[in-house]
Amino acid sequence: MTDTTANPNDTAHNSDHGHAHDPHVAHHFETKHQQNTSAKLGMWAFLSTEILMFGGLFCGYAIYRANHTDIFMYAHKMLDMKLGAINTVILLTSSMTMAWAVRAAQLGQQQLLKLLLAITLLGGFGFLGVKYVEYTSKFHSGLYPGARNAYFDVEQANKSLGLSGEYAITPTMKHWHIKNIENHYFGKYGVHWQVPRQYQIPELGYHPPHHAEHDTHAVTPAEHHADDQAGEVRESLTVEAPKPGELEHSTIAVPDNGPAGVNPQILKAPASDKPEDHAGHHILTYDQLPELEKPRVHHFFQIYYLMTGLHVLHVLIGMSLIAWIFVRACKGHFSKAYNVPVDIVGLYWHLVDLIWIFLFPLLYLIH
Amino acid sequence: MTSIPTPHANKLPESQHNSSDNYLNHSKGFMSWAFTVDHKRIGIMYGISICAFLLLGGIFALILRTMLALPIANIDNHANYDPAYLKHWMDIYNHMFTLHGAVMVFLFIIPGIPAVLGNFVLPLMLGAKDVAFPKLNLASFHIFVIGSLILAWVLLKGVLVAMFPGLSPYIGYGGLETGWTFYTPYSMDSNSAVVEATFGAFVLGFSSILTGVNFIASMHMLRPKGMNWFRMPLFLWALYGTAIIQLLATPVLAITLLLLIAERAFRVGIFDPNLDGDPILYQHFFWFYSHPAVYIMVLPAMGVISELVTAHSRKHIFGYSFIAYSSIAIALLGFFVWGHHMFTSGQSAMANAVFSLLTFSVSIPSAIKVFNWLSTMYRGEIHLRTPMLYVLSFILLFAIGGLTGLFLGALATDIHLHDTYFIVAHFHYVMMGSVLIAFLGGMYHWWPKMTGKMYSEKVGKIACAMVFVGFNLTFFIQFIAGSQGMPRRYASYVDDYMIYHHISTGGAFVLGTGLFLVLFNWIHSLLKGAPAPANPWGANTLEWQCSSPPPHDNFADTPVAGDPYDMTEWQYDESIKGYVKAND
């Protein structure tokens, strides 16, 4: 007798112990129900480890966000909320098709099962595609993971680490001045929320300069007038993003009035008392960050890359599993009587979805 | 092999299970072992690799103890040595204690009892044919092998670079000198193979997780008729508690080590204070796994002792449900005490007090177990066989290890004892004095079942005595050295501490000799041992109801379980030197 296995696909074992066995039930299980329940129990147990693994990252996130709130407020705006939202929709949809596929497998609807698995897999590819666009746009702006990140203070790091010569950390994107990144991202899509620069963060003891002459932000001169309260807060979706060559010197035309629907009371509030934009968001520029926090801005991007990177890895694993299930479905392995693998892979895919549901607001939608 | 009329043996078709067909000779060849899904063979393969790592870690231990006993370790003699040579010597010492710790923790103690004894015994105790997921079990063994090969590469690289320094520009530096804890910031600066070693530990963690998943599913789904949760052998309760920790703590280590690798490889600045990272966060993450990991080590050891003490006292276990619940209590409480490793690292006073209180609370379920074992022995028919001697050693050593833990859990005394030899002695009493002793006792206890051969009681008892004496010589003196102020992990010391180190090193060699004698006994038993009866101890757990060694399929029909500790069901039969069912 060959070694028998738990894989129901291997029906090689002979019934050497008397009673006839369902070919889908491994020799050490008595009933199919026992085997299916075991498989699901095992998967749930494994998923708990995945939660705990991401739990470490979420814990790290919470600690860094609590200790360095300003950095998160400042840096998260460079993430693309729209792309994040698109990805959320894609993943939620694929999770739905996956759940539907599990149902189809249980009902023995072969064609529907294949179709739904294919759509789910497509959703995975869509997610990765959007992620690719996001990552490359970050890279182009010098927002790399690790020491190449434009916010990473290479000189300071080499000094504290005592590195020099061939061991020294060498930046490759040093020409990307942080101002450029800021303009690039805050100017893009017209959501330049960094407008009122008179505001202060008293609890941090920071007093920004009254005259922002060193500021190269793309703002209208009118904005520097404290009296021009209507111009303090801009919601300028109508404004086009600056062309790459214009980043440093462009002036974006900002409408004097707030957008339709914005409460005029908010628009008229004195700027110095309102360290928030119309949506109640904290608004910061790099210059306004406390000096101690400036070298730490890259932490946000490190956490972003670690969390989304590990998540992308899970998406890849999930997609491989779905592809495996899809091939097996095409071979007609699943039936009303035997469909546990679809169920198990479905559970994994829902976990991937679940983690993203937490990542999206924590990274993109910070208030 | 044996003529014992075991319940199933009569029912088996002759063609499949005659008396000579067992799992050891069922199929032949390297592949039939390396890719088997039979839990018994996987357990044996784990056993061989883990004993090899015990030997390796033991060699490192003997080297570092020898280094500490040499005159060069005495600071008074340092003037006689070239400073460059001294530095080199101390570097080697750093590598030795780190590798000793890393090999012993990640490759011996953590996988030890669950992977070897658990894998072999768990399905047999459940009357099952295998664990719930046999393929996953094999995968977890293969992952273990890959992880240990990565750690072996760290060692090999260290040796290579030491022998041929010209290689280091090409393959980097080898070895490991950060201490097994990989604390930042030193693990960021160290010129050793930190990334490879942490990746190896990361891979080993997956092996541990998958074993835990397998055990939990097996215990939930494969219990036979008649075995409800409270008729489950206590070893399985202990393994259940262990599996919970493996599931919930190991992934946190995984993410910690990934972050450490990212930190070292890309300088992300999460843990490294030079990059505005938080080194204390690393300690929190690390101990959130590594303290529960102490219970991954010790819980199965306690389970083994629960089985052994009742079998060799020929008496029903005392306080079954207390022992069972205390396993789960230890597993859960173990998650909330990690901060006691960080009393002196700048935690808030409030956190220190809470962690101290919770630490003391773990002693309650631990003490419950000890009292129940003692009560089990009370008025029992104690057979002082080798496994029972290990039980007695365990109880004594665990009591010392546990009680000295109270000194360290108390905030005031910990300030004095922190990072001294006192703590070295404490955790060796718990990890080695308890886990290794229980592992050896369990190996002796199930040896007849695993191999079908009896071992020599005489050699076994001598070896046990040597291990016991050697262990106490090595480590008891370290309590005194530590309370006198000898810091841990130092390569040298002032003259006052010399006597402690000399005694300790002497004890280490006695201990090492005892362990070699154990190995000799096992090998001798394999070659020349008498055939083992199916049930040499008269224990009533199900694994003793199949022949020794068990047939390939364990049980033809799932046996019906009764009270696992009802010793009255078995009577000694002189003719086979084993126990037979009383009613047969």
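Out of the residues in region B:458-487 meeting the condition of being outside any helix (DSSP H, G or I) and of a type outside the set (S, T, N, Q), tell me which one is least open to solvent (accessible area, probe 1.4 Å).
Only one residue tops the list, namely B:486.
Quick check on residue B:538: is it part of a loop (DSSP other than H, G, I, E, B) and either among the charged types (D, E, K, R) or touching a helix residue (DSSP H, G or I) at 6+ places or on another chain (Cβ under 9 Å) (or both)?
Considered against the rule, which asks whether it is part of a loop (DSSP other than H, G, I, E, B) and either among the charged types (D, E, K, R) or touching a helix residue (DSSP H, G or I) at 6+ places or on another chain (Cβ under 9 Å) (or both), residue B:538 comes out as yes.
Taking the criterion of being within 26 Å of the chain's Cα centre (by Cα), closer than 30 Å to residue A:23 by Cα and crowded, with 21+ Cβ neighbours inside 10 Å, would at least one residue in region A:351-367 satisfy it?
Checking region A:351-367: not a single residue is within 26 Å of the chain's Cα centre (by Cα), closer than 30 Å to residue A:23 by Cα and crowded, with 21+ Cβ neighbours inside 10 Å.
Condition first: at the interface with chain A (Cβ under 8 Å from one of its Cβ atoms) and under 21 Å from residue B:200 (Cβ atoms). Now tell me which residues in region B:248-265 satisfy that. Please lay out each step first, then the result.
Taking region B:248-265 and keeping what is at the interface with chain A (Cβ under 8 Å from one of its Cβ atoms), we get B:248-252, B:254-256, B:258-259, B:262, B:265.
B:249, B:250, B:251, B:252, B:254, B:255, B:256, B:258, B:259, B:262, B:265 - these are the residues of region B:248-265 that are at the interface with chain A (Cβ under 8 Å from one of its Cβ atoms) and under 21 Å from residue B:200 (Cβ atoms).
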Among (1) open to solvent by less than 10 Å² (accessible area, probe 1.4 Å); (2) within 11 Å of chain A (Cβ to nearest Cβ); (3) among the aliphatic types (A, V, I, L, M), the one test that residue B:238 misses: (2)
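Could you look through region B:266-285, keep only residues that are without any contact (Cβ under 8 Å) to a residue 60 or more places away in the chain and part of a helix (DSSP H, G or I), and pick out the one that is farthest from the other protein chains (Cβ to nearest Cβ)? Can you show your working first?
If we filter region B:266-285 for residues that are without any contact (Cβ under 8 Å) to a residue 60 or more places away in the chain, which is where we start, we get B:266-270, B:275-276, B:278, B:281, B:284-285.
In the following step, the residues that additionally are part of a helix (DSSP H, G or I) were identified as B:266, B:275, B:281, B:284-285.
Numbers: B:266: 3, B:275: 6, B:281: 6, B:284: 8, B:285: 6 Å.
Across region B:266-285, the extreme among qualifying residues is B:284.
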Determine whether region B:133-145 contains at least one residue that is touching a Lys or Arg at 6+ places or on another chain (Cβ under 8 Å) and within 14 Å of chain A (Cβ to nearest Cβ). no
May I ask you to verify whether residue A:336 is free of Cβ contacts under 8 Å to residues at least 60 places away in the same chain, over 12 Å from the mean Cα position of the chain (by Cα) and either open to solvent by 10 Å² or more (accessible area, probe 1.4 Å) or more than 14 Å from every other protein chain (Cβ to nearest Cβ) (or both)? no
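Which of the residues that make up region B:9-35 are modelled with pLDDT under 70, surrounded by 10 or more Cβ atoms within 10 Å (Cβ to Cβ) and in a loop (DSSP other than H, G, I, E, B)?
Looking only at region B:9-35, we keep the residues that are modelled with pLDDT under 70, and these are B:9-19.
Still in the running and surrounded by 10 or more Cβ atoms within 10 Å (Cβ to Cβ): B:9, B:11-13, B:16-19.
Listed by number, the residues that qualify are B:12, B:13, B:16, B:17, B:18, B:19.
Among the residues of region A:13-61, which ones are touching a Pro at 6+ places or on another chain (Cβ under 6 Å) and at pLDDT 85 or above? Steps first, answer last, please.
Taking region A:13-61 and keeping what is touching a Pro at 6+ places or on another chain (Cβ under 6 Å), we get A:24, A:49, A:52-53.
Passing the criteria: A:49, A:52, A:53.
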Part of a helix (DSSP H, G or I) and farther than 30 Å from residue B:280 by Cα - does that describe any residue in region A:62-69? no
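Yes/no matrix, rows are residues, columns are (1) among the hydroxyl-bearing types (Ser, Thr, Tyr); (2) in contact with a strand residue (DSSP E or B) (Cβ under 9 Å, 6 or more places away or on another chain); (3) touching a residue at least 24 places away in the same chain (Cβ under 8 Å); (4) open to solvent by 20 Å² or more (accessible area, probe 1.4 Å):
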position	(1), (2), (3), (4)
B:108	no, no, yes, no
B:112	no, no, yes, no
B:117	no, no, yes, no
B:128	no, no, yes, no
B:131	no, no, yes, no
B:145	no, no, yes, yes
B:156	no, no, no, yes
The residue from A:50, A:30 that alone is at the interface with another protein chain (Cβ under 8 Å from one of its Cβ atoms), in contact (Cβ under 8 Å) with a residue 40 or more places away in the chain and acidic (Asp, Glu) is A:50
Given (1) modelled with pLDDT of 95 or more; (2) surrounded by fewer than 21 Cβ atoms within 10 Å (Cβ to Cβ), index of the condition residue B:389 fails: (2)
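When only residues in region B:488-511 that are aromatic (Phe, Trp, Tyr) and not in a helix (DSSP H, G or I) count, which is least open to solvent (accessible area, probe 1.4 Å)?
B:493
Of all the residues that make up region B:257-296, how many are hydroxyl-bearing (Ser, Thr, Tyr) and touching a Gly at 6+ places or on another chain (Cβ under 6 Å)? Working first, answer last.
Of the residues in region B:257-296, the ones hydroxyl-bearing (Ser, Thr, Tyr) are B:282, B:289-290, B:295.
In the following step, the residues that additionally are touching a Gly at 6+ places or on another chain (Cβ under 6 Å) were identified as B:295.
Matching residues across region B:257-296 total 1.
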Candidate set from region B:215-229 (those that are part of a loop (DSSP other than H, G, I, E, B) and touching a helix residue (DSSP H, G or I) at 6+ places or on another chain (Cβ under 9 Å)); member that is surrounded by the fewest Cβ atoms within 10 Å (Cβ to Cβ): B:224
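The values are calculated or read from the model by the stated rules, or taken from the named source; none is laboratory data. If you're wondering where the values come from, they're calculated on a predicted model, not measured in any experiment. All Cβ positions, even for glycine, are placed from backbone atoms using ideal geometry, and neighbour counts span all protein chains on display. Calculation scope for accessible area: heavy atoms of the full protein, side chains included, ligands and nucleic acids excluded. Shrake-Rupley method; radii C 1.70, N 1.55, O 1.52, S 1.80 Å.
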